[in-house]
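A short write-up of the structure that comes next.
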Amino acid sequence: MGTLTATEADALWAGIDEQRARTAALLEGLTAEQWEHPSLCDGWTVRHVAAHLTMQQQRVRDALGFIVRHPRILQSMPLNTFIHDAGVVQAQALSTEQIITGIKAGIGSRRHNPGLTPLETLTDILVHSQDIAIPLGADLPMQPSLSALAAARRWDTRDTWLAKVNRRLPWATCRLNATDVDWTRGEGPAVSGPIGAILLLITGRPVALDQLTGDGADALRLSGARSA
């Protein structure tokens, strides 16, 4: 995907704001037990995922400040371990109210982490909002058009370092076909369903297979991806 036009960028950031607001509203209604419920992310509770979402706007100086306050985080490598441990540390440092306030504070801002694009910010809030909602049995809608943008970005960067933060599932040999928007990628056995489910699949969430059909989806289930 090339550079976004001003209109496309406006729509993207409006969608990010909307998903942040939805996520904050969901979090505001959770019980203490639900905050500690396991999320879709290995080793993270709902609290950890929510705390991670407060870090979407960190600049270089913010990241350096975080490291100064928590120097042991430098022992957390590779990248996925660092992200995981940073989320745990952030969750320990912030109260429930501070986490919700931190997510809300991003609404209206267009700042994003250095080295990333707004499309990574979009993907992060869309996917992590589902990491929270799905295990709780909560319905947290995602705009199909925005899910399509995020899925296209994930597809385009599937062979780059950006893909290393996602669990590897064998979807790359399938034909991915969204049933609610005009979005198709790849060749091979078909994996069909809502674009939101496809986005979750290609970001390493096998729970998405519950919403997907086709020979490719069947093969993924038989391969053990569903329980990966």
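The values are calculated or read from the model by the stated rules, or taken from the named source; none is laboratory data. This one's a predicted model, so the numbers in the text were calculated from it and none came from an experiment. Using ideal geometry, Cβ is built from the backbone for each residue, glycine included, and neighbour counts are taken over all protein chains shown.
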What are the residues in region 116-135 that are of a type in the set (A, V, I, L, M) and buried (at least 18 other Cβ atoms within 10 Å of the Cβ), if any? Leu119, Leu122, Ile125, Leu126, Val127, Ile132, Ala133, Ile134
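How about region 158-199: which of its residues are of a type in the set (Val, Ile, Thr) and touching a strand residue (DSSP E or B) at 6+ places or on another chain (Cβ under 8 Å)? Walk me through it before giving the result.
Taking region 158-199 and keeping what is of a type in the set (Val, Ile, Thr), we get 160, 165, 173, 179, 181, 184, 191, 195, 198.
Correct list: Thr179, Thr184, Val191, Ile195, Ile198.
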Here is a list of conditions, (1) surrounded by fewer than 17 Cβ atoms within 10 Å (Cβ to Cβ); (2) at pLDDT 95 or above; (3) not acidic (Asp, Glu), and Lys164 meets all of them except one; can you say which number that is? (2)
Report yes if some residue within region 23-44 is among the small types (Gly, Ala, Ser) and modelled with pLDDT under 90; otherwise report no. no
Among the helices (runs of 4 or more DSSP H) lying completely within region 1-53, list those that include at least 2 residues that are within 22 Å of Thr117 (Cα to Cα) and in contact (Cβ under 8 Å) with a residue 40 or more places away in the chain. 6-28, 46-53
Return the residues of region 21-44 that are over 15 Å from Ala138 (Cβ atoms) and either in contact with a Lys or Arg (Cβ under 7 Å, 6 or more places away or on another chain) or polar (S, T, N, Q) (or both); say none if nothing qualifies. Glu36
If you check every pair at least six apart or on different chains, which have Cβ atoms under 6 Å apart with a residue in region 197-213 that is closer than 13 Å to Arg175 by Cα first and a residue that is of a type in the set (Ser, Thr, Tyr) second? Thr213/Ser192
